[in-house]
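The values are calculated or read from the model by the stated rules, or taken from the named source; none is laboratory data. For clarity, every value in this text was computed on a predicted model and none was experimentally measured. Quick reminder, even Gly has a Cβ in these numbers, built from the backbone with ideal geometry, and neighbours come from all protein chains shown. The accessibility values were calculated without ligands, DNA or RNA, using every heavy atom of the protein model including side chains. Shrake-Rupley method; radii C 1.70, N 1.55, O 1.52, S 1.80 Å.
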Amino acid sequence: MVFEMFIVFIVLFLGSFLQGASGFGFGLFAMSFLPFLFTLKDSTLLVVSLALVTSLSIFIKVYKHIHYRKLFFLLSAASLGRVGAFFILHHFGEMDILKKVLGFVLIGMVIYILMQKQKDETVEKDNVIFPIILGFVGGLIGGVFVVGGPFFVFYFMVACRDKYAYSANLQATFVVTSIVTVVMHGVSGDFSSEFLLYFLVGFVSVLAGTRLGMHWFDRLSQVHIKRIASFIVALAGLNLIFFS
(Lines give C-alpha, C1' and ligand atoms only; values in the text may rest on other atoms or scores of the structure.)
Protein backbone atom coordinates (compact mmCIF):
# COMPACT_ATOMS: atom_id res chain seq x y z
CA MET A 1 0.00 0.00 0.00
CA VAL A 2 2.80 2.44 0.94
CA PHE A 3 4.79 1.64 -2.20
CA GLU A 4 1.63 2.00 -4.31
CA MET A 5 0.96 5.43 -2.82
CA PHE A 6 4.55 6.45 -3.50
CA ILE A 7 4.16 5.49 -7.18
CA VAL A 8 0.88 7.42 -7.37
CA PHE A 9 2.54 10.45 -5.78
CA ILE A 10 5.44 10.43 -8.27
CA VAL A 11 3.22 9.92 -11.33
CA LEU A 12 0.86 12.73 -10.30
CA PHE A 13 3.77 15.03 -9.41
CA LEU A 14 5.39 14.59 -12.83
CA GLY A 15 2.07 15.01 -14.62
CA SER A 16 1.20 18.23 -12.75
CA PHE A 17 4.72 19.56 -13.35
CA LEU A 18 4.19 18.98 -17.07
CA GLN A 19 0.90 20.85 -16.97
CA GLY A 20 2.34 23.74 -14.98
CA ALA A 21 5.23 24.11 -17.42
CA SER A 22 3.36 23.65 -20.69
CA GLY A 23 -0.34 24.29 -19.99
CA PHE A 24 -1.56 20.70 -20.39
CA GLY A 25 -0.44 17.10 -20.08
CA PHE A 26 -1.48 16.11 -16.55
CA GLY A 27 -4.21 13.69 -17.57
CA LEU A 28 -2.27 12.39 -20.56
CA PHE A 29 0.76 11.54 -18.41
CA ALA A 30 -1.09 10.24 -15.34
CA MET A 31 -3.42 8.00 -17.36
CA SER A 32 -0.40 6.37 -18.96
CA PHE A 33 0.47 4.73 -15.62
CA LEU A 34 -2.43 4.67 -13.13
CA PRO A 35 -4.49 2.05 -15.04
CA PHE A 36 -1.72 -0.43 -14.20
CA LEU A 37 -2.65 0.05 -10.53
CA PHE A 38 -6.41 0.63 -10.68
CA THR A 39 -9.37 0.02 -12.97
CA LEU A 40 -9.84 2.53 -15.77
CA LYS A 41 -12.88 3.94 -13.97
CA ASP A 42 -11.06 4.55 -10.68
CA SER A 43 -8.01 5.95 -12.50
CA THR A 44 -10.15 8.37 -14.49
CA LEU A 45 -12.11 9.59 -11.47
CA LEU A 46 -8.93 10.19 -9.46
CA VAL A 47 -7.17 12.02 -12.29
CA VAL A 48 -10.23 14.12 -13.21
CA SER A 49 -10.68 15.19 -9.58
CA LEU A 50 -7.02 16.15 -9.27
CA ALA A 51 -7.07 17.77 -12.73
CA LEU A 52 -9.63 20.15 -11.24
CA VAL A 53 -7.16 21.07 -8.49
CA THR A 54 -4.28 21.43 -10.96
CA SER A 55 -6.19 23.54 -13.47
CA LEU A 56 -7.77 25.73 -10.81
CA SER A 57 -4.40 26.52 -9.22
CA ILE A 58 -3.08 27.64 -12.63
CA PHE A 59 -6.29 29.45 -13.62
CA ILE A 60 -6.15 31.63 -10.49
CA LYS A 61 -2.82 33.00 -11.73
CA VAL A 62 -3.94 33.82 -15.29
CA TYR A 63 -7.73 34.32 -15.17
CA LYS A 64 -7.46 38.02 -16.10
CA HIS A 65 -6.40 37.00 -19.61
CA ILE A 66 -9.50 34.93 -20.37
CA HIS A 67 -11.41 35.54 -23.66
CA TYR A 68 -15.05 34.64 -23.04
CA ARG A 69 -16.11 34.80 -26.69
CA LYS A 70 -13.41 32.34 -27.78
CA LEU A 71 -14.25 30.09 -24.85
CA PHE A 72 -18.04 29.88 -25.13
CA PHE A 73 -18.65 27.50 -28.07
CA LEU A 74 -15.81 25.09 -27.27
CA LEU A 75 -16.70 24.92 -23.57
CA SER A 76 -20.42 24.34 -24.26
CA ALA A 77 -19.64 21.46 -26.62
CA ALA A 78 -17.00 20.04 -24.26
CA SER A 79 -19.49 19.98 -21.38
CA LEU A 80 -21.98 18.10 -23.57
CA GLY A 81 -19.22 15.64 -24.46
CA ARG A 82 -18.53 15.06 -20.76
CA VAL A 83 -22.21 14.13 -20.23
CA GLY A 84 -21.89 11.46 -22.93
CA ALA A 85 -18.63 10.26 -21.41
CA PHE A 86 -20.31 9.86 -18.02
CA PHE A 87 -22.66 7.18 -19.33
CA ILE A 88 -19.80 5.27 -20.98
CA LEU A 89 -17.58 5.32 -17.89
CA HIS A 90 -20.43 4.67 -15.44
CA HIS A 91 -21.59 1.51 -17.24
CA PHE A 92 -18.39 0.16 -18.79
CA GLY A 93 -15.55 1.66 -16.72
CA GLU A 94 -14.71 -1.61 -14.95
CA MET A 95 -14.03 -3.51 -18.18
CA ASP A 96 -10.36 -4.36 -18.81
CA ILE A 97 -10.82 -4.03 -22.57
CA LEU A 98 -11.05 -0.27 -22.10
CA LYS A 99 -7.41 -0.28 -20.96
CA LYS A 100 -6.41 -1.56 -24.39
CA VAL A 101 -8.64 1.07 -25.99
CA LEU A 102 -6.86 3.66 -23.84
CA GLY A 103 -3.52 2.36 -25.13
CA PHE A 104 -4.55 3.03 -28.73
CA VAL A 105 -5.96 6.45 -27.78
CA LEU A 106 -2.69 7.40 -26.05
CA ILE A 107 -0.61 6.46 -29.08
CA GLY A 108 -3.03 8.35 -31.32
CA MET A 109 -2.69 11.42 -29.10
CA VAL A 110 1.11 11.22 -29.25
CA ILE A 111 1.07 11.06 -33.05
CA TYR A 112 -1.39 13.96 -33.12
CA ILE A 113 0.75 16.12 -30.82
CA LEU A 114 4.05 15.42 -32.57
CA MET A 115 2.62 16.12 -36.02
CA GLN A 116 0.85 19.30 -34.91
CA LYS A 117 2.49 22.58 -35.80
CA GLN A 118 2.92 25.24 -33.14
CA LYS A 119 0.61 27.56 -35.06
CA ASP A 120 -1.70 26.63 -37.90
CA GLU A 121 -2.70 29.84 -39.58
CA THR A 122 -4.77 28.01 -42.21
CA VAL A 123 -7.46 27.20 -39.66
CA GLU A 124 -10.40 29.58 -39.66
CA LYS A 125 -10.46 30.84 -36.08
CA ASP A 126 -13.93 32.41 -36.39
CA ASN A 127 -15.61 29.28 -37.75
CA VAL A 128 -18.12 28.26 -35.06
CA ILE A 129 -18.21 24.61 -36.20
CA PHE A 130 -14.47 24.23 -35.56
CA PRO A 131 -14.54 24.80 -31.74
CA ILE A 132 -17.82 22.88 -31.40
CA ILE A 133 -16.37 19.73 -33.01
CA LEU A 134 -13.06 19.94 -31.15
CA GLY A 135 -14.88 20.73 -27.90
CA PHE A 136 -17.27 17.79 -28.11
CA VAL A 137 -14.62 15.24 -29.11
CA GLY A 138 -12.20 16.54 -26.46
CA GLY A 139 -14.93 16.47 -23.82
CA LEU A 140 -16.01 12.93 -24.71
CA ILE A 141 -12.49 11.47 -24.80
CA GLY A 142 -11.46 13.52 -21.76
CA GLY A 143 -14.44 12.27 -19.75
CA VAL A 144 -13.59 8.62 -20.40
CA PHE A 145 -9.79 8.60 -20.63
CA VAL A 146 -8.77 12.10 -19.36
CA VAL A 147 -6.69 12.68 -22.50
CA GLY A 148 -8.90 15.15 -24.36
CA GLY A 149 -6.57 18.09 -23.68
CA PRO A 150 -4.79 18.10 -27.08
CA PHE A 151 -8.06 18.97 -28.84
CA PHE A 152 -8.50 22.03 -26.61
CA VAL A 153 -4.83 22.91 -26.92
CA PHE A 154 -5.02 22.85 -30.72
CA TYR A 155 -7.92 25.33 -30.79
CA PHE A 156 -6.57 27.79 -28.22
CA MET A 157 -3.09 27.79 -29.73
CA VAL A 158 -4.73 29.02 -32.93
CA ALA A 159 -7.34 31.32 -31.38
CA CYS A 160 -5.14 33.03 -28.75
CA ARG A 161 -2.26 35.32 -29.64
CA ASP A 162 -0.27 35.13 -26.40
CA LYS A 163 0.54 32.29 -24.03
CA TYR A 164 -1.29 33.84 -21.08
CA ALA A 165 -4.62 34.06 -22.93
CA TYR A 166 -4.00 30.53 -24.20
CA SER A 167 -3.37 29.23 -20.69
CA ALA A 168 -6.33 31.10 -19.14
CA ASN A 169 -8.85 29.76 -21.66
CA LEU A 170 -7.38 26.27 -21.57
CA GLN A 171 -7.46 26.03 -17.77
CA ALA A 172 -11.01 27.44 -17.66
CA THR A 173 -12.07 24.63 -20.00
CA PHE A 174 -10.38 22.01 -17.81
CA VAL A 175 -11.95 23.44 -14.64
CA VAL A 176 -15.53 23.48 -15.93
CA THR A 177 -15.39 20.08 -17.65
CA SER A 178 -13.77 18.50 -14.58
CA ILE A 179 -16.56 19.89 -12.37
CA VAL A 180 -19.19 18.40 -14.72
CA THR A 181 -17.54 14.96 -14.54
CA VAL A 182 -16.94 14.99 -10.77
CA VAL A 183 -20.49 16.12 -9.95
CA MET A 184 -22.17 13.55 -12.20
CA HIS A 185 -20.10 10.63 -10.94
CA GLY A 186 -20.39 11.86 -7.36
CA VAL A 187 -24.18 11.95 -7.54
CA SER A 188 -24.16 8.44 -9.04
CA GLY A 189 -22.01 7.07 -6.19
CA ASP A 190 -19.06 6.07 -8.39
CA PHE A 191 -16.35 7.13 -5.91
CA SER A 192 -14.94 4.25 -3.84
CA SER A 193 -14.15 4.34 -0.13
CA GLU A 194 -10.41 4.40 -0.86
CA PHE A 195 -10.76 7.41 -3.13
CA LEU A 196 -10.36 10.03 -0.38
CA LEU A 197 -7.00 8.60 0.75
CA TYR A 198 -5.53 8.62 -2.75
CA PHE A 199 -7.05 12.03 -3.41
CA LEU A 200 -5.30 13.52 -0.36
CA VAL A 201 -1.96 12.04 -1.46
CA GLY A 202 -2.56 13.35 -4.95
CA PHE A 203 -3.67 16.76 -3.71
CA VAL A 204 -0.29 17.39 -2.09
CA SER A 205 1.51 15.98 -5.12
CA VAL A 206 -0.25 18.09 -7.76
CA LEU A 207 0.05 21.33 -5.79
CA ALA A 208 3.81 20.81 -5.48
CA GLY A 209 4.21 19.70 -9.09
CA THR A 210 2.10 22.54 -10.51
CA ARG A 211 3.93 25.19 -8.50
CA LEU A 212 7.32 23.89 -9.63
CA GLY A 213 6.13 23.60 -13.24
CA MET A 214 4.83 27.19 -13.31
CA HIS A 215 8.16 28.35 -11.88
CA TRP A 216 9.82 26.90 -14.98
CA PHE A 217 7.11 28.13 -17.37
CA ASP A 218 9.40 30.77 -18.91
CA ARG A 219 12.59 28.71 -18.76
CA LEU A 220 11.82 25.29 -20.19
CA SER A 221 11.55 24.54 -23.89
CA GLN A 222 8.00 23.33 -24.45
CA VAL A 223 9.18 21.50 -27.57
CA HIS A 224 11.58 19.35 -25.54
CA ILE A 225 9.01 18.77 -22.80
CA LYS A 226 6.47 17.68 -25.40
CA ARG A 227 8.87 15.23 -27.04
CA ILE A 228 10.04 13.62 -23.80
CA ALA A 229 6.51 13.31 -22.43
CA SER A 230 5.22 11.95 -25.74
CA PHE A 231 7.91 9.25 -25.77
CA ILE A 232 6.97 8.12 -22.25
CA VAL A 233 3.25 8.18 -23.02
CA ALA A 234 3.78 6.14 -26.23
CA LEU A 235 5.67 3.45 -24.28
CA ALA A 236 2.90 3.33 -21.69
CA GLY A 237 0.29 3.06 -24.45
CA LEU A 238 2.09 0.08 -25.98
CA ASN A 239 2.33 -1.47 -22.53
CA LEU A 240 -1.43 -1.14 -22.03
CA ILE A 241 -2.14 -2.70 -25.43
CA PHE A 242 0.10 -5.75 -25.07
CA PHE A 243 0.26 -6.42 -21.31
CA SER A 244 -2.93 -5.12 -19.65
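Counting only alpha carbon atoms, the long axis of helix 40-62 and the longest principal axis of the chain meet at about 40°. The fraction of accessible area contributed by carbon and sulfur in the chain is 72 percent, rounded to a whole number (1.4 Å probe; ligands and nucleic acids excluded).
Magnitude of the charge dipole for the chain, about its Cα centre and with charges confined to Cβ atoms of Lys, Arg (+1) and Asp, Glu (-1), is about 680 debye.
Please work out how many pairs of lysine residues in the chain are eight or more positions apart (or on different chains) and have Cα atoms closer than 14 angstrom.
Details: K41/K99; K41/K100; K61/K163; K64/K163; K70/K125; K117/K226; K119/K163.
Lysine pair count for the chain: 7.
On a per residue basis, the chain carries 47 Å² of accessible surface, using protein heavy atoms and a 1.4 Å probe. Applied to the stretch 128-133, the Karplus parametrisation 6.51 cos²θ - 1.76 cosθ + 1.60 on θ = phi - 60° returns per-residue 3J(HN,Hα) values of 5, 5, 4, x, 5, 5 Hz, with x for Gly and Pro. Each of the peptides 54-66, 85-97 was scored by the mean count of other Cβ atoms within 10 Å over its residues; in descending order, highest first, they stand as 54-66, 85-97. Could you tell me how many degrees, from 0 to 90 and to the nearest 10, lie between the Cα long axis of helix 222-243 and the main elongation axis, the longest principal axis, of the Cα atoms of the chain? Value to nearest ten degrees: 40.
Just by accessible area at a 1.4 angstrom probe, what is the order of V2, V204, V53 from largest to smallest?
On the way: V2 120, V204 85, V53 25 Å².
The ordering from most to least exposed comes out as V2, V204, V53.
Rolling a 1.4 Å probe across all protein chains gives E194 an accessible area of roughly 100 Å².
Taking the chain on its own, what percent of its Cα-Cα pair distances exceed 32 Å?
Values: 3503 of 29646 pairs.
That fraction is 12 percent.
Near S55: Cβ cut-off under 15 Å, other residues only, Lys/Arg at +1 and Asp/Glu at -1. The net charge is +3.
Please give the helix 149-159 orientation as an angle from the longest Cα principal axis of the chain, in degrees from 0 to 90, rounded to the nearest 10. Once rounded, the angle reads 10 degrees.
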